[in-house]
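Report on the structure given below.
We did not get these values from a lab; they are worked out from the coordinates using the rules stated. Fair warning: this is a prediction, and the values are worked out from it, not measured in the lab. All Cβ positions, even for glycine, are placed from backbone atoms using ideal geometry, and neighbour counts span all protein chains on display.
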């Protein structure tokens, strides 16, 4: 069974960019890092590409390798390959989670979210998790989801979207 990122967490980031990775997210990072063993720190990839707008995405080492392999398998000279290479491979960094479960988000990525310190919102979305400035998440995704749910019938079951 492959672990996936699930759940929502609120975390603080300090003025030096240190933030705690939720414990259950760390377990997924460990499972998705082929070099991780007990006593070592798990690694991750933080994607901050322009296409992500007001959020950052975090992938396991294996998850990012799958994406990189798909990009690298595209034909040379394919304009899409160059765009994906620049957006995904070029605008990502590898970070390590320390023994206390924290990592340091560089200033450039914090500035992209519009914060130097404050509250972050972590949202597990399966193969990766998103990092948002907490208030931005609530104003955009949270409100959009609330509006969509309000449009659904009273007996709406979100699992019905899975089909058969």
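The table below lists the values:
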{"quantity": "Label-point separation in nm, residue 159 to residue 12, each point 7 Å along Cα→Cβ", "calculated": "3.9 nm"}
{"quantity": "Three-way shape label, the stretch 40-100, alpha-carbon gyration tensor, a/c 1.5", "calculated": "oblate"}
{"quantity": "For peptides 55-67, 118-130, sequence by mean Cβ density within 10 Å, most packed first", "calculated": "55-67, 118-130"}
{"quantity": "Whole-Å distance, taken between Cα centres, linking the stretch 142-164 and the stretch 102-134", "calculated": "27 Å"}
{"quantity": "Potential lengthening between residue 70 and residue 3 on full extension [0.36 nm per residue; Cα-Cα distance subtracted]", "calculated": "22.0 nm"}
{"quantity": "For the chain, share of DSSP beta bridges that run antiparallel, in % to the nearest 5", "calculated": "100 percent"}
{"quantity": "Rg to Rh, two decimals, where the stretch 2-81 supplies the alpha carbon set and Rh follows Kirkwood", "calculated": "1.03"}
{"quantity": "Within the stretch 141-164, backbone nitrogen closer than 11 Å to the virtual label 7 Å beyond the Cα of residue 125 toward Cβ", "calculated": "141"}
{"quantity": "Percent of Cα pairs exceeding the 27 Å cut-off, where the set is the stretch 8-152", "calculated": "26 percent"}
{"quantity": "Percentage relative contact order, the chain, counting C-alpha pairs under 8 Å, at least six apart", "calculated": "33 percent"}
{"quantity": "Computed FRET value (nearest 0.05) for residue 62 with residue 111, which takes r as the C-beta separation and R₀ as 22 Å", "calculated": "0.15"}
